[in-house]
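Read-outs throughout are calculated quantities, based only on the coordinates presented, and are distinct from any laboratory measurement. Since we're looking at a predicted model, the values are computed, not measured. Note: ideal-geometry Cβ built from the backbone for every residue, glycine included; neighbour counts use all protein chains shown.
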Amino acid sequence: MTPMKARLAAGETLFGTFLTLGSPFAAESLGLLGWDWLLVDLEHGGGDESKLVGQLMGCSSAGVHALARVESDVRGRSARALDLGVEGIMCPQVNSAEQAEAWASVLHYGPAGSRGIAFFHRGARYGTDPHPVETARERTCGIAQIESPEAVEAVEEIAAIDGVDVLFVGPSDLSYSMGMFREFDRPEFRSAIERVNEAAQAAGKSTGIFLTSVDDVPAAVADGFQMIGIGSDGGYMMAAARDTLTKARSAL
């Protein structure tokens, strides 16, 4: 399978959703629907690191790109997830170039990075990958979240960091930190979105965004976003159950 990083660099628009239930079955079943990528949410989701590998196996079984959002930029969080076999790491609250550079370094082996040399793990096919360093360099996708005014002010420098492949906007977090929670049409918020996309384009990088409704996809694509996340496994379950229950009661 062509790495997600290469697909984004080629200009593809890739759709995915967040995994919040900690369930390998949710990962596998959603993957079989044809999503391009699935992201295990270790920051806010219901499953911790001990449940990560089962969900990654579900993604592998379905043939979908497997990503994880770690809790923070602490070195061990990203390194451990990579060893377990994730293809990409999303890091929340990347607010400066210095922070981005230190975090991105952990994603890759030397000389470009500082990832520890160990190849007898799932991420290196248990030592059977003949070129693990090169494979990791080509495959590993670094996704930095832009969620604050400080991050927007530093976004050009963040985008220029080697190892940061995607600038990912969380609209709710960014608008909240700007003092305009979910007022997405405010000129100040629109200006921030434009700046993120322009910075990524200038650096030859991609941008991503989280959406709660498929109705927002055309606008996101028009803005220039390629990595588009829509909803979550838990959200889909609740929406379908609510709709079913409402229809059942209305039939009485």
Point-charge dipole on Cβ atoms (K/R +1, D/E -1) for the chain, about Cα centre, debye to 20: 840
25 Å Cα-Cα reach of residue 205 towards lysines, excluding residues that sit fewer than 8 places from it in its own chain: 5
Mean Cα-pair separation over length for the chain, i.e. relative contact order, pairs under 8 Å, 6 or more apart, %: 19
Gain upon complete extension [residue 217, residue 237; 0.36 nm per residue less C-alpha separation]: 5.1 nm
Cα gyration tensor shape of the chain, rounded if a/c is under 1.5, else prolate or oblate by comparing a/b with b/c: oblate
Extension gain (nm, one decimal) between residue 44 and residue 188, 0.36 nm per residue minus Cα-Cα: 49.1 nm
Contour minus Cα-Cα distance for residue 6 and residue 180 (0.36 nm per residue): 59.1 nm
Rounded FRET efficiency, nearest 0.05, which uses the C-beta distance separating residue 245 from residue 195 and R0 of 30 Å: 0.10
For the stretch 4-251, with +1 on Lys and Arg beta carbons and -1 on Asp and Glu, the positive-most of 15, 79, 130 along the dipole: 130
Amide H partners (placed H, <5 Å) of residue 227, local residues excluded: 14, 207, 208, 209
